[in-house]
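> Below are the structure tokens for one structure; questions will follow.
Every number in this text was worked out from the coordinates using simple rules, so none of it is lab data. Not measured: the values here are computed from a predicted model. Cβ placement follows ideal geometry from the backbone for every residue including glycine, while neighbour counts extend to all protein chains displayed.
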Amino acid sequence: MLRLNDSRFGSGETGRDVNNIWDYLRFGPIGRAFMAEDRRILLLDEIDKTDSDTQDNLLDVLEDGSFIIREINHKMIAKQRPIIIITSNAKRELSDPFLRRCFCHYIPFPSREEMIRIVCLHHPSLPEPLLEASLGSFYRLREQGFEKPPATAELLDWLGSMQAAGVQTPGTGKDLAHIGTLLKRTEDLLKFKGITKPGRF
């Protein structure tokens, strides 16, 4: 689209040349990692959210260290193979060929002590009484069997929202402050509030 625009109205002082396709190619993380002169670390986050076809295509690209830019029939070969880190929440099983090429490491959910260190990095001025009470409520919520139990990101957002609002205590039970920051699914919020979702007719 940018090249078409430049061909019609000119590229001005941008330095782009409509006759040079490379001035208009924009690479994603994999392309930038392959093009780098030094060795990069490539993070593919939550790979389990992709479908099996995407995983298979990624497998070919990462194993070969190359991909084809089909519009110009050019093969892009990695100058330095990146260090590839792939994360998964195990929401969907990855294929055997994909797993066979991986070194797998399980990272458990942070313990209370680990979570305190994480929180202090993001909210160093958080009052200790608020932190202790919030962590107690947070870990109790995680044990309630919600469809999407609150995770570390929700905890950090929750503490930040309470701190910004000047909340001194998270409260207890159904009076838990800013609950919508912790629970994101309608069914989970209704369950927390003890409300039965009406049936559909």
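> To the nearest 0.05, what FRET efficiency results for Phe109 and Gln168 with a Förster distance of 35 Å applied to their C-beta separation?
Working: r = 28 Å, r/R0 = 0.79.
Efficiency, rounded to the nearest 0.05: 0.80.
> So, one more: Can you give the local net charge around Thr152? Use residues other than it whose beta-carbon is closer than 15 angstrom to its beta-carbon, Lys and Arg +1, Asp and Glu -1. Could you put the intermediate results ahead of the total?
Values: positive: Arg112, Arg117, Arg142, Lys148, Lys184; negative: Asp45, Glu46, Glu113, Glu114, Glu154, Asp157.
Residues near Thr152 contribute -1 overall.
> Label 7 Å along Cα→Cβ of Asp51; the range 79-99 residues with amide nitrogen under 20 Å?
Only 89-99 pass the distance filter.
> Quick one: grab the alpha carbon gyration tensor of the range 2-100, order the square roots of its eigenvalues as a ≥ b ≥ c, and give me rounded if a/c is under 1.5, else prolate or oblate depending on whether a/b is larger than b/c.
Values: a/c = 2.57, a/b = 2.13, b/c = 1.21.
Because a/c hits 1.5 or more and a/b exceeds b/c, the range 2-100 counts as prolate.
> Starting from 0.36 nm per residue, how many nanometres of slack lie between Arg185 and Asp64 once their C-alpha separation is accounted for? Intermediate values should be presented prior to the final figure.
Working: separation 121, 0.36 × 121 = 43.56 nm, distance 4.05 nm.
Result for the pair: 39.5 nm of gain on full extension.
> What does the helix-only formula give at 222 nm for the chain: each DSSP H stretch with n ≥ 4 adding -39500 (n - 2.57), the total divided by the residues, and the result rounded to the nearest 500 deg cm²/dmol? Display every interim value, and only then the final one.
Working: 9 runs with 85 residues, N = 201.
Using -39500 (n - 2.57) per qualifying helix, the result is -12000 deg cm²/dmol.
> Compute the normalised compactness of the range 112-193: alpha-carbon radius of gyration over 2.2 N^0.38 Å, N being the residue count.
Working: Rg = 11.9 Å, N = 82, 2.2 N^0.38 = 11.7 Å.
This ratio for the range 112-193 stands at 1.02.
> Can you list residues from other chains, or at least 5 along the same chain, whose modelled amide H is less than 5 Å from the amide H of Ile86?
When sequence neighbours closer than 5 places are left aside, the close amide H contacts are Leu44.
> Moving to a separate point now. Quick check: net charge around Gln168, other residues with Cβ under 14 Å of its Cβ, Lys/Arg +1 and Asp/Glu -1? Present the calculation step by step, with values, prior to reporting the outcome.
Numbers: positive: none; negative: Glu128, Glu132, Asp175.
Once positives and negatives cancel, what remains is -3.
> Next question. I need two numbers for the chain: Rg to one decimal and Dmax as a whole number, Cα atoms only, in Å.
Calculated on Cα positions, Rg and Dmax stand at 24.1, 66 Å.
> Another question, then. Could you tell me which residue out of Ile195, Ser52, Ala36 lies farthest along the dipole of the chain toward its positive end? Charges go on the beta carbon: Lys and Arg +1, Asp and Glu -1, centred on the Cα centre.
Farthest along the dipole direction, towards plus: Ile195.
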